[in-house]
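So the structure is just underneath, and the comments pick up after that.
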Amino acid sequence: MRHQHTVLFVDDEVNILKALQRLLRTEEMNVLCASRASEALELIEKHPTQVVVTDQRMPEMSGVDLLARVRERQPDIVRMMLTGYTEMKVAVDAINRGEIYRLITKPWNDDELRATLRQAFDHGDLKGEIKRLNQITREQNFKLQDMNRNLEGKVRDRTKQLAEKHQQLRTAYVQTIRALSEAVDAKDTYTRGHSERVGVYASKIAREMNFPKDVIERVYIAGLLHDVGKIGVSDAVITKPDRLTPEEYEEIKRHPEIGYRILEPVEFLQDVAPCVRHHHEWYDGSNRGYPDRLRGDQIPLPSRIILVADTVEAMTSDRPYRKALSLEAVVDEVHKYTGSQFDPKVTESFLNLLEREGESFIKKDQKFDIYSFIQD
Ligand SMILES: [Fe+2]
Ligand SMILES: [Fe+2]
């Protein structure tokens, strides 16, 4: 086979085949001939053929039937008929049913025949090219879908791992802060567990006030650390069982500022440091608050919550000079100072919470995990 394209003519009249061969000798195509349908079917199996042109009326099989078989076996071959006027109707029907590509009538015009064959090869080439491109597109789509699936899975896994790592770090961070706050409370046997309980009460109030998770977390951490500045106050003053002198009281009053200075350089405690600084400010901005005499909304919200939690915790714990007070006394005190010392929004939520929880609100030594608390 010398050329890229091959045409097969099928006709029971050998003279016609010879004429066609002669006609196409100089064309750039291989010409195969068969005088019987069975021979034609054998030839297309052996030689890659792009176009089959057949007569209609032949002894063992009609042209339409032959082309139906060709279509069955090699659907990409372009099928045409070369037929006399008497069989035209059959051929036209076959064209209309989409079974054959084109019809050439006998006797044919040489130029027309050549041109039609060219068109048939082009038609076949084009169909082949479209098929090839479709196949490539399909394969690439499959590959892309596959890649996407893998990628999605990987992203999901990595995101999950990162979230777990992040949570481990947060937990380790809170544990470290708790250790620090316990060290502060340990300066005085009477305040053991004070900071932790203030953190717990404060986060319960914050959740009651419907604050988002990150605010509740900050309130808890600020609660744990609110008295960290007591590290800088002398033990003698902190543990003194008797009434403090005015000088000693001034020294105690420095603890929010000392706490602020300890925490402020720590990058991940930047939001917490001001909450610690202002946890003894009064809501009315009076000089009973310290260190900056802020008022109302100037006082960070966690500080306002911690102040209530701090008071409640202190009143309900034993002190060297008195026993723990009752919840009724706490409620009275909170009412008495709402609006002056305490933010009314905070005390309202606290009192609602207390009404619901009663004594269990101040139950000591309860296990508390801030992250499961936030999730609840
Ligand atoms: Fe304090
Ligand atoms: Fe405190």
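Bear in mind that the values in this text are calculations on the coordinates, not laboratory data. What you see is a predicted model; the values in this text were computed from it and never measured. Because the Cβ atoms are built from the backbone with ideal geometry, glycine has one as well, and the counts that use them run over all protein chains shown.
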Original post:
What is the magnitude of the charge dipole of the chain about its Cα centre, with +1 placed on the Cβ of each Lys and Arg, -1 on the Cβ of each Asp and Glu, and no other charges, expressed in debye to the nearest 20?
Top reply: 680
**OP:** Just need the relative contact order of the chain here, percent rounded to a whole number, with Cα pairs under 8 Å and 6+ apart.
**Re:** 10
**OP:** Give the calculated FRET efficiency between residue 171 and residue 126 to the nearest 0.05, with a Förster radius of 51 Å applied to their Cβ-Cβ distance.
**Re:** 0.15
Original post:
Which of the listed residues, 311, 265, 321, is farthest toward the dipole's positive end in the chain, when Lys, Arg count +1 and Asp, Glu count -1 at the beta-carbon?
Top reply: 265
Original post:
Does the stretch 6-128 come out rounded, prolate or oblate by the C-alpha gyration tensor, with a ≥ b ≥ c the root eigenvalues, rounded set by a/c under 1.5 and, if not, prolate when a/b is larger than b/c and oblate if not?
Top reply: rounded
Original post:
Measuring from label point to label point, each 7 Å out along Cα→Cβ, what is the residue 152 to residue 85 span in nm?
Top reply: 6.6
**OP:** Taking the Cβ of residue 37 as the centre, find all other residues whose Cβ is under 12 Å away and add up their charges (Lys, Arg: +1; Asp, Glu: -1).
**Re:** -4
Subject >> Between 0 and 90°, nearest 10: helix 327-337 axis offset from the chain longest Cα axis >> reply: 90
**OP:** Taking the Cα centre of the stretch 205-268 as origin, sum charge times position over the Cβ atoms of Lys and Arg (+1) and Asp and Glu (-1), and report the length of that vector in debye to the nearest 20.
**Re:** 180
Original post:
From Cα coordinates alone, what are the radius of gyration and Dmax values for the stretch 186-375 in angstrom?
Top reply: 15.7, 46
Subject >> Spatial separation of Cα centroids for the stretch 131-153 and the stretch 167-188, in angstrom >> reply: 53
**OP:** Pick out, from 373, 140, 181, the residue whose Cα sits farthest towards the positive end of the charge dipole of the chain, with +1 on the Cβ of Lys and Arg and -1 on the Cβ of Asp and Glu.
**Re:** 140
Original post:
Using just the C-alpha positions of the chain as equal point scatterers, what log10 of I(q)/I(0) does the Debye formula give at each q in 0.07, 0.11, 0.12 1/Å?
Top reply: -0.49, -0.83, -0.90
**OP:** Calculate the length of the line joining the C-alpha centroid of the stretch 23-61 to that of the stretch 189-267, in whole Å.
**Re:** 100
**OP:** Sketch the reach of a paramagnetic label on residue 254 as a point 7 Å from Cα along Cα-to-Cβ, and name the residues of the stretch 226-241 whose backbone nitrogen lies under 17 Å away.
**Re:** 227-240
Original post:
On a 0 to 90 degree scale, rounded to 10, what angle separates helix 301-315 from the longest Cα axis of the chain?
Top reply: 50
